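The structure appears below as structure tokens.
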Amino acid sequence: MKWHVLRPLWLAIGVLAAILVARQFLVPDDFGVHGPSFTYNYHRLSNVQEWKDFPVKYLGREYCADCHRRNVRRLNRSSAHSKVECENCHGPGAGHPEEITALPINTSREQCLRCHALLDYPENGRSVVPGIVDRMHMRRRDCVECHNPHDPREERK
Amino acid sequence: MTCSRRQFLKEAVGGTLASTLPLSAFVFLSPAEAKAAVDEAKVRWAFLVDTNKCTGCGLCVTACKTENEVPFDSPVTRTWVERYVVTKDGETHIDSPLGGRDGFIDDKIRGEEIDPENIAKAFFVPKLCNQCDNPACVQVCPVGATYQTHDGVVLIDREWCIGCGYCIMACPYGVRFFHPEHKVADKCNFCYHRITKGMPPACVECCSFDARRIANLEDPDDPVTKIILTERVAVLKDEYGTKPHVFYLGLDANVR
């Protein structure tokens, strides 16, 4: 074959070989089809473990009850708020009690209004929750000044 | 062509042996053995949303963003809550401010006052990744960065994703978004790090009204699986053929 044909051919083969060699180093060993389907299961297997190792932040009421038994028991008794998770207002428990500052307690009016702002919707769970009209009830005051969130039946004087 | 008797016999026996030998390499499995070899674990995660119970407090969105390190003030979220208000004149008003992160406190919808007397029905619909059996988002990924695990959850490999955004376009439910910090595609994965440890997803744990629940469809004794199998549940955009695995109780025809 003529030189002007061979030269680009060798170049193309060289580039291809370089790609194949680079691929050998760059593609992880566990990359491949890990499951029944090439379309849906073509991936790096160790990534599954990486997602499993993602840090958990919300630890649940039982974790809180280990130390704060009295508060949790009181909350459970209060009926109205017994289903509200501690961490909804107190923040995620991960890192507590090692780092006390890690728990930002949300006592804002907006936090209570999430459920207790009155939305007059027929046949909706929201209308079952006792609600207030924001602009007509103790404007701009924090609800916790009068109401005890751990036992909403009790009013603070 | 000539063939001696000795040669004929030799070749016939040799040929028969050679053709049967590879067959012995195959193992005959009972159906049970075959099934055990195919699925590694007896888990298929699914989700049940009860739109009758959701009150639109948005605590699930807050919990999800915190748990999964999604930037809190960015307008992206792995799960969100939509409010639908259908008025008596047949109009549907829909909003989801910041994905419902701060709850629905105002009765105005997109600044529009709606007369409570005129409301025919109103409800909240939480949305999240459907962990489809035929995920369109996985099919379009050009690099194999997103995939389905053996328990049905679709995950994204943050090391491998090139951020091309094909999957964000492909998802018919719009659950995928571009993560502003990691610069890759991101979406709900049912809190894979929690469900594989036996904990409920953060949104399920933080829901005070049991509107969100997680189920293992392979476990017939799972109470939530029983609801999915025996009660009248619906899925979103069934006609797309993606086989979504988030089931809705009380889903309205207005929900898209």
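Points to keep in mind about this one:
Residues are listed down the side, and each one gets a yes or a no for (1) surrounded by fewer than 15 Cβ atoms within 10 Å (Cβ to Cβ); (2) within 10 Å of chain A (Cβ to nearest Cβ); (3) part of a strand (DSSP E or B); (4) at pLDDT 95 or above:
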{"site": "B:90", "(1), (2), (3), (4)": "yes, no, no, no"}
{"site": "B:107", "(1), (2), (3), (4)": "no, yes, no, no"}
{"site": "B:117", "(1), (2), (3), (4)": "yes, yes, no, no"}
{"site": "B:124", "(1), (2), (3), (4)": "no, yes, yes, yes"}
{"site": "B:142", "(1), (2), (3), (4)": "yes, no, no, yes"}
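- Within region B:206-256, considering residues that are aromatic (Phe, Trp, Tyr) and outside any loop (DSSP other than H, G, I, E, B), the one nearest to residue A:116 (Cα to Cα): B:248
- Among the conditions (1) in a helix (DSSP H, G or I); (2) within 11 Å of chain A (Cβ to nearest Cβ); (3) in contact (Cβ under 8 Å) with a residue 12 or more places away in the chain, the only one that residue B:168 does not satisfy is (2).
- Residues that are assigned to a loop (DSSP other than H, G, I, E, B) and either without any contact (Cβ under 8 Å) to a residue 40 or more places away in the chain or aliphatic (A, V, I, L, M) (or both) within region B:177-195 comprise B:182, B:183, B:184, listed in sequence order.
- Selected residue (only one of B:201, B:220, B:180 is under 18 Å from the mean Cα position of the chain (by Cα) and not small (Gly, Ala, Ser)): B:201
- Residue count, region A:41-83 (criterion: farther than 26 Å from residue B:150 by Cβ and in a helix (DSSP H, G or I)): 14
- Index of the failed condition, residue B:192 passing every other in (1) in contact with a strand residue (DSSP E or B) (Cβ under 9 Å, 6 or more places away or on another chain); (2) within 29 Å of residue A:124 (Cβ to Cβ); (3) crowded, with 20+ Cβ neighbours inside 10 Å: (2)
- Number of residues in region B:196-205 that are in contact with a strand residue (DSSP E or B) (Cβ under 7 Å, 6 or more places away or on another chain) and assigned to a helix (DSSP H, G or I): the value is 2.
- Exactly one residue out of A:85, A:123 is among the acidic types (Asp, Glu), under 30 Å from residue B:252 (Cα atoms) and in contact (Cβ under 8 Å) with a residue 24 or more places away in the chain, and it is A:85.
- Within region A:49-73, the set of residues being within 19 Å of residue B:153 (Cβ to Cβ) and surrounded by fewer than 18 Cβ atoms within 10 Å (Cβ to Cβ) comprises A:49, A:50, A:52, A:53, A:54, A:55, A:56.
- Of the residues making up region A:35-52, at least one is farther than 26 Å from residue B:103 by Cβ, among the charged types (D, E, K, R) and within 7 Å of chain B (Cβ to nearest Cβ).
- Taking the listed residues B:132, B:137, the one that is within 12 Å of another protein chain (Cβ to nearest Cβ) and in contact (Cβ under 8 Å) with a residue 60 or more places away in the chain is B:132, with no other qualifying.
The values are calculated or read from the model by the stated rules, or taken from the named source; none is laboratory data. Model, not experiment: these values are computed from the prediction. Positions of Cβ are backbone-derived with ideal geometry, glycine not excepted, and every protein chain shown enters the neighbour counts.
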